[in-house]
Amino acid sequence: MVDGEAEPGSGRGRLEDRGHQGPADAFRARHGSDYHHPVMVEEVVKILEPAGEGEILDGTVGGGGHAEALLSTYPGCRILAVDRDPEALEEARGRLAPFGDRVRFLKARFDEAAVGASLAGPVLSGGLLDLGVSSRQIDRSERGFAFRTGAPLDMRMEGAEGGGFTAADILNQWEEGKLKELFRRIGEEPRARFIAREVVRRRREIPFRVADDLLETMEAAFRRPPAIKERARVFQALRIQVNDELGALGRALPALRDALLPGGILVVISYHSLEDRPVKQAFREWSRSCVCPPEIPVCVCRGEALGETLTRSVVRPTPKEVEGNPRSRSARLRAWRKAA
Ligand SMILES: C[S@@+](CC[C@H](N)C(=O)[O-])C[C@H]1O[C@@H](n2cnc3c(N)ncnc32)[C@H](O)[C@@H]1O
């Protein structure tokens with residue numbers, strides 16, 4: 001059992017940070033890269049130990065940091081490395097090349113990969129989803145994931161080759177009510193109404209094209225420059241919508257559960273409460289022995305738990321990890337084990 005309340009020093013559920021450059025730091029440093037620093041990498045490796053003799057589906061392989069840590073720690077481990085971003089997959093391919101045929105690569109969305117795995121029957125010893133975007137995706141201004149002067153309002157993880165609509169398409173085409181709902185529900189932005197109204201007013205004059213257009217719109221809506229966190233909320237809401245991130249997660253969770261072998265372990269790291277909530281709810285529901293509505297007097301459902309939640313409460317990075325990698329700040333890890 002990993003307990004998220006056990007913070008640094010207790011050593012429960014995590015490698016202890018000892019001294020300035022302890023084993024946990026060294027482990028993190030070894031698996032970090034200029035591309036991306038994997039979050040809570042020791043925790044992930046430790047929780048997935050029982051899965052270390054089989055195949056683990058890493059649905060968000062990104063720069064390959066978690067995958068590399070798993071492959072180098074567990075010699076019997078194989079990885080199905082999935083990412084929807086072709087650039088990420090190329091990076092992972094290079095980094096994981098030393099592991100030869102212990103790694104298979106698949107350019108796909110993780111929900112598609114999970115459904116494919118589940119159709120093959122229970123085949124996986126583990127599953128890992130480290131949601132959201134990598135540092136490289138954020139830092140590459142032409143991808144338009146974060147605010148950068150002149151960056152196009154694109155945000156598609158597959159890039160242009162995947163087709164689909166861009167952030168600019170949403171801003172230029174969605175009706176005001178839908179925009180308001182997006183900024184309010186996904187962005188959790190209290191001034192969603194004012195931004196949506198200003199977006200619609202502005203686009204009558206000139207279509208949205210680059211990040212500056214959105215920033216100027218927010219400034220007009222607020223009558224002051226938006227704070228960094230307000231800007232981040234609105235940009236993140238658009239990114240989540242463009243990539244249907246919540247839909248993909250909702251489809252992937254039951255498929256990954258079905259694809260796990262008995263005793264298999266699923267780990268999800270999320271960065272937003274709207275991602276964490278469905279994970280928490282799914283793990284809780286799968287761990288209940290009866291899911292009948294209370295008004296039904298006799299149990300008519302499956303009558304037994306499908307497995308157990310391994311994280312009694314959500315696991316967060318240590319303050320030391322956040323200090324070294326501020327982008328890990330909002331990470332929350334949950335894990336579930338399928339009944340043996
Ligand atoms: C936070 S990064 C993962 C970093 C990785 N764990 C590492 O150690 O480098 C998230 C990655 O997931 C990918 N991604 C996000 N949503 C996805 C989806 N629905 N299907 C496949 N890949 C996805 C992104 O392209 C990105 O490369």
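Restricting the trypsin sites (Lys or Arg not before Pro) of the range 107-138 to loop positions (DSSP other than H, G, I, E, B) with no more than 12 neighbouring Cβ atoms within 10 Å leaves nothing.
Restricting the trypsin sites (Lys or Arg not before Pro) of the range 149-219 to loop positions (DSSP other than H, G, I, E, B) with no more than 10 neighbouring Cβ atoms within 10 Å leaves Arg204. Peptide packing for 298-305, 268-275, 89-96, 226-233 was compared via the average number of neighbouring C-beta atoms within 10 Å per residue; ordered from the highest value, the list is 268-275, 89-96, 226-233, 298-305. The residues His37, His66, when put in order of fewest to most other Cβ atoms within 10 Å, stand as His37, His66. Compared with the dominant Cα axis of the chain, that is its longest principal axis, helix 110-119 is turned about 40°.
Per DSSP H run of n ≥ 4, the term is -39500 (n - 2.57); total these for the chain, divide by its residue number, and report the mean residue ellipticity at 222 nm rounded to 500 deg cm²/dmol. Working shown, then result.
Values: 14 runs with 138 residues, N = 340.
Calculated from helices alone, the mean residue ellipticity at 222 nm is -12000 deg cm²/dmol.
Helix 211-222 axis versus longest C-alpha principal axis of the chain: approximately 70°, rounded to the nearest ten. Residues Ile195, Ile138 in ascending order of nearby Cβ atoms (within 10 Å, fewest first): Ile138, Ile195.
Using a cutoff of 8 angstrom between alpha carbon atoms and counting only pairs six or more residues apart, the relative contact order for the range 126-203 works out to 16 percent.
About its Cα centre, the dipole of the chain is roughly 780 debye, where the only charges are +1 on Lys and Arg Cβ and -1 on Asp and Glu Cβ.
Rounded to the nearest 10 degrees, the inclination of helix 273-286 to the longest alpha-carbon principal axis of the chain is 30 degrees.
Just so you know, all these numbers are worked out from the coordinates, no wet-lab data involved. Please read all numbers here as calculations on a predicted model, not as lab measurements. Neighbour counts are summed over all protein chains in view; Cβ atoms, including those assigned to glycine, are modelled from backbone coordinates with ideal geometry.
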